[in-house]
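Sending over a structure as structure tokens; questions will come in a sec.
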Amino acid sequence: MFRVVIPVRYDSVRLPGKALRRIAGKPMVQWVYERAAAAGAAEVLIATDDARILEAARAFGAEAVMTAPTHNSGTDRIAEVAAARSWPDGDIVVNLQGDEPLMPPALIAQVAALLDSTPAADIATLATPIASVAELLDTNAVKVVTDASGRALYFSRAPIPWSRASAPTDLASQTDARGARRHLGIYAYRVGALKRLAALAPGALEMREKLEQLRALENGLAIQVADARAPAGPDVNTAADLARVEAQLGTAPR
């Protein structure tokens, strides 16, 4: 049994109000909610700090709750919901970002099942093989390396692991991306670990890389990683992303 919480805020520097931007006649957050609802979760909630999103969510039949406007991350927002509802520490909750309208329901179920089947893990997440050297060098593509059991060792915007033999001079000379994996930003937490993580201050690595998951690693939380069983659709950060998502859904941009 697992729950899904979709943290959604209205403000976005690159695409203001993106959660309510319409895709094929529905607000983007509705597409995300429907993906979560199809994943077999016992409960799906939208957590927001904006009345416009709350109203829109309730209009299409979602359960939505208001959370504090002071949260710096979706993790913090979900932790507030978990505490307010007194969810047991051993329960599993999936963090599905509100800008993932093409996230396959199978991956939502997979990340929850991964955590459930790994008792030693506090958090679970997914990855996918990197397809090109360009993607390996892209600082917007977050990379992850794990130990032999699938436990995360590090996440970075830098190109890791680095093949020294196939890069004779500098970064631009790299020709081999084999073995590199891109991190997908979907997480399953045990509620106790979620509350612990939200109570921690950002660490030095997190602040340097701007990657919240490094806070977990810096504080000894175990993150289990598995390869995604299905392709993950793109998230939406810009108007161009929105157009690409609409194209994948077989509609013209509106």
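The values are calculated or read from the model by the stated rules, or taken from the named source; none is laboratory data. For clarity, every value in this text was computed on a predicted model and none was experimentally measured. Glycine also receives a Cβ, built like all others from the backbone with ideal geometry; neighbour counts cover every protein chain displayed. Keep in mind that these areas ignore ligands, DNA and RNA; they rest on the heavy atoms of the full protein, side chains included. Shrake-Rupley method; radii C 1.70, N 1.55, O 1.52, S 1.80 Å.
So how many residues does region 16-45 have that are of a type in the set (K, R) and under 16 Å from G61 (Cβ atoms)? Quick ask: steps written out before the conclusion?
To start, the set of residues in region 16-45 that are of a type in the set (K, R) comprises 18, 21-22, 26, 35.
Going one step further and asking which of them are under 16 Å from G61 (Cβ atoms), we end up with 26, 35.
Total meeting the criteria: 2.
When residues of region 12-54 are filtered for being in contact with a Leu (Cβ under 8 Å, 6 or more places away or on another chain) and more than 13 Å from L96 (Cβ to Cβ), how many remain?
9
What strands (runs of 3 or more DSSP E) completely inside region 1-113 contain at least 3 residues that are closer than 17 Å to A188 by Cβ?
Details: elements: 2-8, 43-48, 63-66, 92-95.
Strands (runs of 3 or more DSSP E) meeting the threshold: 2-8, 43-48, 92-95.
May I ask you to list the residues in region 238-254 that are basic (K, R) and either in contact with a Leu (Cβ under 7 Å, 6 or more places away or on another chain) or loosely packed, with under 13 Cβ neighbours inside 10 Å (or both)? Reasoning before the result, please.
Our first condition is that a residue be basic (K, R); within region 238-254, this holds for 244, 254.
R254 - this is the single residue of region 238-254 that is basic (K, R) and either in contact with a Leu (Cβ under 7 Å, 6 or more places away or on another chain) or loosely packed, with under 13 Cβ neighbours inside 10 Å (or both).
For (1) more than 18 Å from V44 (Cα to Cα); (2) free of Cβ contacts under 8 Å to residues at least 24 places away in the same chain; (3) within 15 Å of the chain's Cα centre (by Cα), each residue gets a yes or a no:
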position	(1), (2), (3)
G74	no, no, yes
V81	no, no, no
A106	no, no, yes
P119	yes, yes, no
T125	yes, no, yes
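I need the full set of residues from region 12-66 which are of a type in the set (D, E) and open to solvent by less than 30 Å² (accessible area, probe 1.4 Å), in order please. Reasoning before the result, please.
Quick first cut of region 12-66, residues of a type in the set (D, E) only: 34, 43, 49-50, 55, 63.
Listed by number, the list holds a single entry, D50.
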